[in-house]
Structures are given as C-alpha cells and as structure tokens.
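To keep things clear, I will list the structure first and then write my remarks on it.
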Amino acid sequence: MDRVSKENYYLDIAESVLERATCLRRVYGAIIVKNDEIISTGYNGAPRGRKNCVDIGYCAREAMKVPRGERYELCRSVHAEANAIISAARRDMVGGTLYLAGKDASTGEILSDATSCSMCRRLIINAGLEKVVIRTSPTDYTVVQVRDWVYEDDSLPHAPYIG
C-alpha cells in the first residue's frame, strides 16, 4: 500500500480547510503543525461579524482593478495564515510548520504560484514558525525555511544577507 507523504497529508487537510474561505478571487487554507499535531487552522475571510465578499457579491480590490499582490489593506479578508496564527498560542507554534494550500475561486484550480504575502510573512516570522510548506499541484509542494524570509527582508530596498 502506498501511503501519502506527511507533507501531502497535511496539505490535503489545508485544502479541506480552504473550502470555508469566502474570497471571490483566491481561496486559501492553512494549518499549523508541531510535533505531528495540528495546532490550529485558518482560511481567508472577513473578520468575525463582518460580511464576506461572497455575501456582498463583490471584491473591492477587483472592483478597483488592484493587481494581485498589491494593496492588501483594501481587502476585506483576514488571510488564512493570519487566522491560523491568531487561533494558536505562540508557545505552541515555535518551531512548527505552516501548511498552505490555495485555489482560484472561480476555477477551483490549485494555485501553482501560491505564497504568503509580505504581511503574513511578518506574522509567520514573529510566530516562531520554522518552515512553510506550500502546495503547487495535487502532489507537489515547495518548502520555505522561514529564516530565508528573515534574511530576504522584502521591506527593505536591497536587504543585505546577514548570516
């Protein structure tokens, strides 16, 4: 019997979590795992009590023709990674792994270019997570060492490598 790898096992769970997402553009699911135990889950959607984009029938960023990766402050949603981090205690996350899966909301296709935005990267760094595993196809994934995001500081024009 062929068993699914641990990475794909957890990515499959993250993909199930994204089924709760409410974005009209891209839906994401995230889970945080440490010592082979799921610590928390999160998906992208409006803050508790606020209407989701699927409820109001439009995406503000799409209506303003904001390109992907820009002007996240205009988005109604809290990102999947942020929601997973909010739902966990830092002491439980330090050294853990965040698994991230994303799909195009209109086609349901897995996002081969999924990654965390710069705001979520900052949260992941401060949460003490060690790595992020990102689904790129039904069976493929990339592994990002969070320390690389620390060294490749995207908030500086030309960040020097300190290592």
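General remarks:
- One residue stands out among those in the range 22-64 that are small (Gly, Ala, Ser) and exposed (fewer than 15 other Cβ atoms within 10 Å of the Cβ): the one that is nearest to Leu129 (Cα to Cα), which is Gly49.
- Contact map, the range 76-104: first residue aromatic (Phe, Trp, Tyr), second residue open to solvent by less than 40 Å² (accessible area, probe 1.4 Å), Cβ cut-off under 6 Å, separation 6 or more or different chains; pairs are Tyr99/Tyr10; Tyr99/Leu11; Tyr99/Ala14; Tyr99/Ile31; Tyr99/Val133.
- Any hit, the range 71-79, residues being out of contact with any Leu (no Cβ under 7 Å at 6 or more places or on another chain), surrounded by 13 or more Cβ atoms within 10 Å (Cβ to Cβ) and closer than 20 Å to Ile13 by Cα: yes
- Test result for Arg26, basic (Lys, Arg), closer than 18 Å to Ala114 by Cβ and either modelled with pLDDT of 95 or more or in contact with a Cys (Cβ under 6 Å, 6 or more places away or on another chain) (or both): no
- Ala82 being in contact with a Cys (Cβ under 7 Å, 6 or more places away or on another chain), among the aliphatic types (A, V, I, L, M) and open to solvent by less than 40 Å² (accessible area, probe 1.4 Å): yes
- Pick from the range 56-67, criterion without any contact (Cβ under 8 Å) to a residue 12 or more places away in the chain and outside any helix (DSSP H, G or I), ranking: nearest to Ala105 (Cα to Cα): Gly57
- Criterion (over 16 Å from the mean Cα position of the chain (by Cα) and not acidic (Asp, Glu)) met by exactly one of Tyr28, Tyr58, Tyr43: Tyr58
- Of the candidates Asp154, Asp92, Asp148, the single residue that is over 21 Å from Leu18 (Cβ atoms) and touching a helix residue (DSSP H, G or I) at 6+ places or on another chain (Cβ under 6 Å) is Asp154.
- Look at the range 1-30: where a residue is on the phi < 0 side of the Ramachandran plot and charged (D, E, K, R) and a partner is assigned to a strand (DSSP E or B) and surrounded by fewer than 16 Cβ atoms within 10 Å (Cβ to Cβ), sitting 6+ places away or on another chain with Cβ atoms under 9 Å, you get Glu7/Val143; Arg25/Asp104; Arg26/Asp104.
The values are calculated or read from the model by the stated rules, or taken from the named source; none is laboratory data. Here the structure is a predicted model, which is why all the values come from computation and not from measurement. All Cβ positions, even for glycine, are placed from backbone atoms using ideal geometry, and neighbour counts span all protein chains on display. Each accessible area value is taken on the protein alone, full model and side chains, heavy atoms only, with ligands, DNA and RNA left out. Shrake-Rupley method; radii C 1.70, N 1.55, O 1.52, S 1.80 Å.
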